[in-house]
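Taking it in order: structure first as structure tokens, then the write-up.
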Amino acid sequence: MALSAVILDVDGTLVISNDAHAQAWVEAFATYGYDVPFEKVRPLIGMGGDQVIPKMVPGLDKEEGDGKAISEKRKELIIKKFAPTLPAAPGARDLILKMQQSGWQLIIATSATSEELSLLLKAAKVDDLLAEATTSSDAEHSKPDPDIVAAALEKLHLEPHQVVMIADTPYDIAAASKCGVGTIAFRCGGFDDSQLERAIAIYDDPADLLAHYNESPLANS
């Protein structure tokens, strides 16, 4: 059976936000007295706070104490400080429109909260186009664990071979792979081809995929 649905990541895929997320973590940790360098947290962007916090400071937990406070501070920084000025990824809106015109069923799968997601979609200039989503509230564990992708598959009522994911980090690819879903990867999230090598195809950004749409995995829909 042909592919019929696309699971969409947002951060680093439709909006250029990965550096902002890393900086938000740096500032959130610093607020509570933890020195976490940008260079240490940046490679982990694409994971959710449940993964990032204990990797940065062993013993901390997103659900309690300083870990919970740091997680809430990071969310506040994204919403109030960073999200309003984030640029859309090149071609993001045009690619979504093209996929909709081609008959794809689209669903978001993100580690962001619902509140963050609405702002990120506005930044990507696709908030009027995309409605269906799985977020952090739909999953016990964030990427690279498969929970969020599995939740998206359940909402789609489709088998993994009928679905492809579009994303930008190795953690997205790992999560999708654990569910049997292939990933089209974008470089605009800041990861290089060696880190994205498990993807079924790699493009610079949405505009690059759109320019090569007829030779891409999406042409098989």
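The values are calculated or read from the model by the stated rules, or taken from the named source; none is laboratory data. Worth saying up front: this structure is predicted, and the values here are computed from it rather than measured. So basically every Cβ, Gly included, is an ideal-geometry build from the backbone, and we count neighbours across all protein chains shown. These accessible areas exclude ligands, DNA and RNA; they are computed on the full protein's heavy atoms, side chains included. Shrake-Rupley method; radii C 1.70, N 1.55, O 1.52, S 1.80 Å.
Observations on the model:
- Helix 92-101 and the long axis of the chain differ in direction by around 40°, with both axes built from C-alpha atoms.
- The overall shape of the range 158-221, judged from the alpha-carbon gyration tensor, is oblate: a/c is not under 1.5, and a/b is no greater than b/c.
- Among 134, 31, 110, the largest mean-square fluctuation in a Gaussian network model of the chain (Cα springs under 10 Å) belongs to 31.
- Build a GNM of the chain with springs between Cα atoms under 10 Å apart, and of 22, 185, 211 the one that fluctuates most is 211.
- Three-way shape call for the range 57-170 based on the alpha-carbon gyration tensor, with the a/c threshold at 1.5: oblate
- Using a Gaussian network model of the chain in which every pair of alpha carbons under 10 angstrom is joined by a spring, one finds that among 48, 103, 190 the greatest mean-square fluctuation is at 103.
- Expected 222 nm ellipticity per residue - DSSP helices of 4 or more, -39500 (n - 2.57), all of the chain, to 500: -11000 deg cm²/dmol
- Orientation-averaged projection of the range 1-105 equals 8.4 nm² [convex hull of Cα atoms, one quarter of hull surface area].
- Average accessible area per residue (Å²) across the range 142-201 - probe 1.4 Å, nucleic acids and ligands excluded: 37 Å²
- Across all directions, the shadow cast by the convex hull of the range 67-127 built on its C-alpha atoms averages 4.6 square nanometres.
- In the range 30-128, GluC sites (Glu not before Pro) in a DSSP loop with at most 13 other beta-carbon atoms within 10 Å: 63
- Three semi-axes describe the equivalent ellipsoid of the range 125-205; taken as square roots of 5 times the Cα gyration tensor eigenvalues and ordered largest first, they are 20, 15, 13 Å.
- Taking every protein chain into account, the accessible area of the range 1-123 amounts to 42 square angstrom per residue (probe 1.4 Å).
- Between helix 65-77 and the chain there is an angle of about 60 degrees, using the helix long axis and the longest principal axis of the Cα atoms.
- For the chain: relative contact order, % (alpha-carbon pairs under 8 angstrom, 6 or more apart): 27 percent
- Histogram of C-alpha separations across the chain, 5 Å bin width, %: 1, 8, 16, 21, 21, 16, 9, 5, 2, 1, 0
- Residue 141-residue 200 FRET efficiency (beta carbon distance; Förster radius 35 Å; 0.05 resolution): 0.90
- Expressed as a whole percent, the accessible surface of the chain that belongs to carbon and sulfur atoms is 49, based on a 1.4 Å probe.
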